[in-house]
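To start, the structure itself, in structure tokens.
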Amino acid sequence: MKGFVIQNANAYMEGVGDQPKQLFLPLWEHRDAQSEAGARSFLQADTTQFQYTVGAKNPAAISPDNWTHDQALLDRPGTDAYQLNLLENYKTNVALYDIWHAAFRQHHPKTLILWGKHDPFFVEAGATAFLKDLPKAKLVWLDAGHFVLDENATLVADEIKASFADR
């Protein structure tokens, strides 16, 4: 293994934005019809489109195929049930965060962090938190939202090659 490339992927609670906290913390604490209702809003078409366009430099340039395809899959009968299970199960990832931090400190993997600075889901504090446990990591801020590759694929590829190319 050469190391980690982390792109808007959280491993610290301080990186969870306000909107996800409002939707998912109640679901993680006690799953019932009320907490599921909040999480269900995450499966709606306007939220799916929002995930792709919020924070983008040029939202009009993001292909609507992205959210249209995702939403078509989300709208299939029965999908909401397993998506809610998956969203609830995310709390098991959060429960492992301390173990991940200890592994980062123990092994010091080479790490490239690429982060959309306008991501409302996994906010900037999540990117900088990695530096507590991986002080030699390279953090690259991108003028983007959650899905940084839609507008920054070439830049991301260049950063990966520069960070991990055999020299």
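Table for the structure above
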{"quantity": "Heavy-atom accessible area order for Val16, Val54, largest first, 1.4 Å probe", "calculated": "Val54, Val16"}
{"quantity": "Candidate residues His118, His101, His69: accessible-area rank, largest first, probe 1.4 Å", "calculated": "His69, His118, His101"}
{"quantity": "Positive dipole terminus of the range 122-161, leading residue within Ala153, Trp141, Leu131 (C-beta point charges)", "calculated": "Leu131"}
{"quantity": "Amide H contacts under 5 Å for Phe4, placed H, 5+ residues apart", "calculated": "Lys110, Thr111, Leu112"}
{"quantity": "Three-way shape call for the chain based on the alpha-carbon gyration tensor, with the a/c threshold at 1.5", "calculated": "oblate"}
{"quantity": "Magnitude of the charge dipole, the range 23-167, Cβ model with Lys/Arg +1 and Asp/Glu -1, debye to 20", "calculated": "660"}
{"quantity": "Length-normalised contact order for the chain - Cα pairs under 8 Å, 6+ apart - percent", "calculated": "36"}
{"quantity": "Cβ-defined net charge surrounding Gly17, 11 Å radius [Lys, Arg +1; Asp, Glu -1]", "calculated": "-3"}
{"quantity": "Label-point gap, in nm, between Thr68 and Ala162 - each point 7 angstrom along Cα→Cβ", "calculated": "3.6"}
{"quantity": "Estimated FRET transfer efficiency when R0 is 35 angstrom, pair Ala125-Met1 (beta carbons, to 0.05)", "calculated": "0.85"}
{"quantity": "Selected from Ala81, Ala129, Ala11 as most flexible by GNM, with the chain as the system and alpha-carbon contacts under 10 Å", "calculated": "Ala81"}
{"quantity": "Mean residue ellipticity (222 nm) of the chain, computed from DSSP H runs ≥ 4 via -39,500 (n - 2.57), nearest 500", "calculated": "-17500 deg cm²/dmol"}
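The values are calculated or read from the model by the stated rules, or taken from the named source; none is laboratory data. These figures come from a predicted structure and were not determined experimentally. For neighbour counting, all protein chains shown are included, and Cβ atoms are generated from backbone atoms with ideal geometry for every residue, glycine included. Accessible surface is based on the protein model in full, side chains and every heavy atom, while ligands, DNA and RNA are left aside. Shrake-Rupley method; radii C 1.70, N 1.55, O 1.52, S 1.80 Å.
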